[in-house]
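The values are calculated or read from the model by the stated rules, or taken from the named source; none is laboratory data. The structure displayed is predicted, hence computed values, not measured ones. Positions of Cβ are generated from backbone atoms using ideal geometry, with glycine treated the same way; all protein chains shown enter the neighbour counts.
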Amino acid sequence: MSTNNNVMVSIDHLYKSYGPEMAVKDFNIEIEQGEFVTLLGPSGCGKTTTLRCVAGLERPEAGEIRIGETTVVAPEKEIFLYPEHRNIGMVFQSYAVWPHMTVFDNVAYGLRVRRASSNEIKTKTMQTLELVGLDHLADRFATKLSGGQRQRVALARAICYQPEVILFDEPLSNLDAKLREQMRDEIVRLQKEVGITSIFVTHDQSEALVMSDRVVVMDKAVIQQVGDPQEIYANPANSFVANFIGVTSLLEGKLDGRDGDICSVDVSMGQGAEPLRLRAIGAEGATPGDTVNVSLRPEDVTLHLERPQGTDHGNLIEGNVIDTIYLGSFLEGRVRVGPHEIGIQIDHFENLVRDQTVYLSFQPEHSLCLAN
Amino acid sequence: MTTETYSSNAVERSRLNNRLRAMVTQENLITLVVALIVAGAVIVPLVVLFVSSFKVLDPAGWDTTWGFGNYVTMFTDRIIPKAFVNTLIISSGSTILATFLGVSLAWINARTNCPGRSYLEPYNLIPFFLSPFVGAIAWHNLGEPQTGLLNNLAREVFGIEGAIINVDNIWGVIWVTGIFFAPLVYLFVVGSLRRMDPSLEDSARTTGAGLFRTTMTVTLPLVMPGILSGAIIVFVTSAGEFGVPFKLSAPYGWETLTTQIFSKAVGDDANHHMGAAMSMALGIITVFLIWVQQRYIAPRSFTTVTGKGFRPNVLDLGPWRWVAFGYNIFFIMVAVVLPIVCLIIVSLHPVWTGKIVLADITTINYVKTLMWWHPEAISAATNGIGNSLILAFGGASISMVLALVISYMIHRTKGFGVRMLDFLSMVPIGFPGIVLAMGVLVTYIQTPIYATLWILMLAYITRFFPYGQRNISSIMLAISEELDQSSRMAGASWFTTLRRITIPLLKPGLFAGWILLFIIFLRELSISIILFTTGTETLSVGVYYLTNFENEPLTSALSMAQTVMLLIAIYAFRRLAGREALTA
Ligand SMILES: Nc1ncnc2c1ncn2[C@@H]1O[C@H](COP(=O)(O)OP(=O)(O)O)[C@@H](O)[C@H]1O
Ligand SMILES: [Mg+2]
């Protein structure tokens, strides 16, 4: 059926609603064999619903999902395969490790259900446990494990029988910060090692950017952008994506005109005040007079305590310090510019006081003008 | 040097004094007094029962000697060993039936898309509140081979010879006990089924297990501690159940321990010491089982609830949902609708022959059993309503006050005797009512409260206040102590705090507990049957009297009156306590 032999999961025009409310609207994607794709978006945007449609835990209203060569759901053709017939693995947010079984029994469950021989069950389960570093805890009951260990059991349980696709629904969000990073790297390592196609749901953009081959950004049941992490980070398709990926300041203004790649924007400085003229790239599709947002990342903004001399600073803005937060290796600060707030990063220690006048500069190439 | 020693001695002494004085606080004194009163009520009858069981009545029935004779008799008697075996068979059978019904209904209502499940649930629970004794009476009228309504219908409608069912045997007892105690198991498992993290089952499905396998290997094992707890409670309650075997099996040759205890407590060949020994035997079994449940099974329940990522997980049964619906309706029919309809029909006939005779319909049975001013009134029946209402109102009120005081002491004070109170409010749960009643009987038979309503009240409260206490305790555990403390810090006195903060927060629980006890007392049989005398009959004793000495229509009329009162109380319970009161 599929034109591309490498496509492992394809989702076509998927729709799912709960009552009148759309949870997923016109979702399309093709995921290649071995690819790691992340669904990223704020809570309630429909990521879990999409994933559960793939798993067979929800029934979509319309669309078609194929896993490998098999159509697993297509309401229009009255096709629906139950989860147990889809050859998938899934890891849940709450771990869902069965407390009445040992670690071994948890992990071996999939093989037992598939009527593997007892020899195979034993070797494969122990192999998988080794892979996640839990072989020494095989006989322990799941209730006697830490959160990180439980999540490893859940992971091992989902990959032990070598499914075609593995689905992750925010598996790291119940772990504490340190463990989360560790598990994150481990999942990536395992995924590459096993080469299994993965769909990973998260609301944490850094997780998505670090782990994925491709990121699908969703908002309000709709895909906003699909791309590899660099692309998403450097070239957000719209204000929502820019805002959601990393800390971004957005300055609203009117598009004035454009000169090649560079456009100029009049950022409003509040009623009666002279608008601030900024230059940025982008704004494809917008025409002069349209409302646009100039997006700025903290790391692209340079801080000056005195008004800098010369003209090679690109855009220059005057503002007042709101506050600073100490974040270990660097300081994060906020500066008020008219009605706007701009986040900045300060690498070396500066003694900034509240309301102190500072100057911010950034190159037009580093700021993106986004249509709304 | 000497002065130093002296002064350090003095410091020591005054420290000791202070500690002693600190111990004799109001709090400690009150807790101790309450603990001693409760201990008196709970422990004394059990000790007297124990002692009494070693007194052997001589054949003439005049004198007693000390010895193990009663216990020997239990093995050598013609009837008792069989009664013992029958009790075990009945308890095992009804436990299996009740567990199957309770778990399957809870699963259907909590986890599937069975049509109308939230409307059906209250009706599934109704048998929990009704009297199993009355259930036995109703089923006798439905399933007696000659006069049973169902058998007559089968003969008339389908032209069947003989009888399709016969409930007047040990199977009938299992049947009625099983359907009436199914809600007990239901209540033990429905909460954890409803709140179980759905991803536990989802992950079994995505791992490759089908619906059936998931249910068998994940869902049921996870609620197994609840199932076992419920099963043990049903076993113990069935073993202590008097009314059902008394009505359905004892007259036909299947005695049980409870019917034997009863025959030794009252009647011509009464032998309280023999009854005490049998009560000890029954009590030891039930206490042991309850201990196992409390000590080993209840603490093992799995925490399967997670706050995050929760989705209500309802299984789509497809066309099978109508099978589930039919099954549910079938249960409500046999446990609630058929018995009540049958009682109404029988109670409207002057005599019951098994056939509905419209021309004969009469209300005379209600006149005779309810209208105490009527010349034909049967006083054993009419006394019952008044006495039961007094006992239910008074008993529920006193029990709840006692429960409130005890819970408050256990959870909010650190006085002496708190641990003892905690233990004491567990003990009565281990003993069937009939056993505790035997204890109360042998303890107080020589005192003036014997043959008054007070002895019934005392036994009711002693046996059942733990239910109210647990009700309040669970809420007290849930409402933070800091609410109390912040009121005290805001300057309110202890009493103001109790009145303005604690009691209002507990109010729903107090109401729910009160009505629950009211219902229990209104239908109470196995304590009353041991302790009543002429004039202190209760409702259920009235029913017993009518079924024993009068006819089925009169029995059905009073049974119906009791059932109506219980149904009103159930309605009030649901209105006041809310939907979640029982099943949460
Ligand atoms: N079982 C359900 N019943 C009703 N609404 C639901 C259900 N599950 C999800 N929703 C709604 O669908 C939308 C998408 O939910 P979800 O897919 O869980 O979002 P995400 O995983 O991105 O946080 C939300 O608005 C949510 O409230
Ligand atoms: Mg989600």
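Tabulated values for the structure
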quantity: Any hit, region A:84-101, residues being outside any loop (DSSP other than H, G, I, E, B) and away from chain B (no Cβ under 13 Å); calculated: no
quantity: Region A:154-170: number of residues that are more than 16 Å from ligand 1 (Cβ to nearest atom), of a type in the set (D, E, K, R) and at the interface with chain B (Cβ under 10 Å from one of its Cβ atoms); calculated: 1
quantity: Checklist (1) within 15 Å of ligand 1 (Cβ to nearest atom); (2) touching an Asp or Glu at 6+ places or on another chain (Cβ under 9 Å) applied to residue A:36, failing item; calculated: (1)
quantity: Subset of region A:22-59 (residues that are in contact with a Leu (Cβ under 8 Å, 6 or more places away or on another chain), within 16 Å of ligand 2 (Cβ to nearest atom) and not in a helix (DSSP H, G or I)); calculated: A:24, A:27, A:39
quantity: Long-range neighbours under 7 Å by Cβ, at least six apart or interchain, first residue closer than 16 Å to residue A:47 by Cα and within 14 Å of chain B (Cβ to nearest Cβ) within region A:19-35, second in a loop (DSSP other than H, G, I, E, B) and within 16 Å of ligand 2 (Cβ to nearest atom); calculated: A:23/A:46; A:23/A:221
quantity: Close pairs (7 angstrom Cβ cut-off, 6 or more residues apart or separate chains): free of Cβ contacts under 8 Å to residues at least 12 places away in the same chain in region B:80-105, surrounded by fewer than 23 Cβ atoms within 10 Å (Cβ to Cβ) and assigned to a helix (DSSP H, G or I) anywhere; calculated: B:81/B:75
quantity: Hits in region A:219-240 - residues which are part of a helix (DSSP H, G or I) and surrounded by 15 or more Cβ atoms within 10 Å (Cβ to Cβ); calculated: A:229, A:232, A:233, A:239, A:240
quantity: Positions within region A:69-83 being in contact with a strand residue (DSSP E or B) (Cβ under 9 Å, 6 or more places away or on another chain) and more than 10 Å from chain B (Cβ to nearest Cβ), in sequence order; calculated: A:71, A:72, A:73, A:74, A:75, A:76, A:77, A:79, A:80, A:81
quantity: Top-ranked residue in region A:102-133 [being small (Gly, Ala, Ser) and more than 28 Å from the chain's Cα centre (by Cα); ranked as nearest to the other protein chains (Cβ to nearest Cβ)]; calculated: A:110
quantity: Hits in region B:252-269 - residues which are under 14 Å from residue B:241 (Cβ atoms) and of a type in the set (Phe, Trp, Tyr); calculated: B:254, B:262
quantity: Residue among A:95, A:82 that is touching a residue at least 40 places away in the same chain (Cβ under 8 Å), of a type in the set (Ser, Thr, Tyr) and more than 16 Å from ligand 1 (Cβ to nearest atom); calculated: A:95
quantity: Positions within region A:171-190 being farther than 22 Å from residue A:138 by Cα, more than 13 Å from chain B (Cβ to nearest Cβ) and within 17 Å of the chain's Cα centre (by Cα), in sequence order; calculated: A:177, A:180, A:181, A:184, A:185, A:188
quantity: Count of residues meeting criterion [β-branched (Val, Ile, Thr) and touching a strand residue (DSSP E or B) at 6+ places or on another chain (Cβ under 8 Å)] in region A:107-149; calculated: 0
quantity: The one condition in (1) surrounded by 21 or more Cβ atoms within 10 Å (Cβ to Cβ); (2) out of contact with any helix residue (DSSP H, G or I) (no Cβ under 9 Å at 6 or more places or on another chain) that residue B:318 fails to fulfil; calculated: (1)
quantity: Qualifying residue in region B:233-253 (condition: away from chain A (no Cβ under 14 Å) and in contact with an Asp or Glu (Cβ under 7 Å, 6 or more places away or on another chain)); calculated: yes
quantity: Helices (runs of 4 or more DSSP H) within region B:130-221 that include 2 or more residues without any contact (Cβ under 8 Å) to a residue 40 or more places away in the chain and within 14 Å of chain A (Cβ to nearest Cβ); calculated: B:198-207, B:211-214
quantity: So residue B:245, is it in contact (Cβ under 8 Å) with a residue 40 or more places away in the chain, surrounded by fewer than 23 Cβ atoms within 10 Å (Cβ to Cβ), in a helix (DSSP H, G or I) and not basic (Lys, Arg); calculated: no
quantity: Residues satisfying the stated conditions in region A:265-275, i.e. on the phi < 0 side of the Ramachandran plot and surrounded by fewer than 20 Cβ atoms within 10 Å (Cβ to Cβ); calculated: A:266, A:268, A:269, A:271, A:273, A:274, A:275
quantity: From A:105, A:12, residue being assigned to a strand (DSSP E or B), more than 16 Å from ligand 1 (Cβ to nearest atom) and surrounded by fewer than 22 Cβ atoms within 10 Å (Cβ to Cβ); calculated: A:12
quantity: Residue tally, condition at pLDDT 85 or above and of a type in the set (S, T, N, Q), over region B:272-305; calculated: 3
quantity: Among (1) touching a Pro at 6+ places or on another chain (Cβ under 9 Å); (2) free of Cβ contacts under 8 Å to residues at least 60 places away in the same chain; (3) away from ligand 2 (no atom under 16 Å from the Cβ), the one test that residue A:65 misses; calculated: (1)
quantity: Residue in region A:20-38 that is surrounded by fewer than 16 Cβ atoms within 10 Å (Cβ to Cβ) and at pLDDT below 90 present; calculated: yes
quantity: Conditions (1) crowded, with 21+ Cβ neighbours inside 10 Å; (2) closer than 25 Å to residue B:565 by Cβ: number failed by residue B:123; calculated: (1)
quantity: Region A:39-53, subset over 15 Å from the mean Cα position of the chain (by Cα) and within 9 Å of ligand 1 (Cβ to nearest atom), residue farthest from the other protein chains (Cβ to nearest Cβ); calculated: A:49
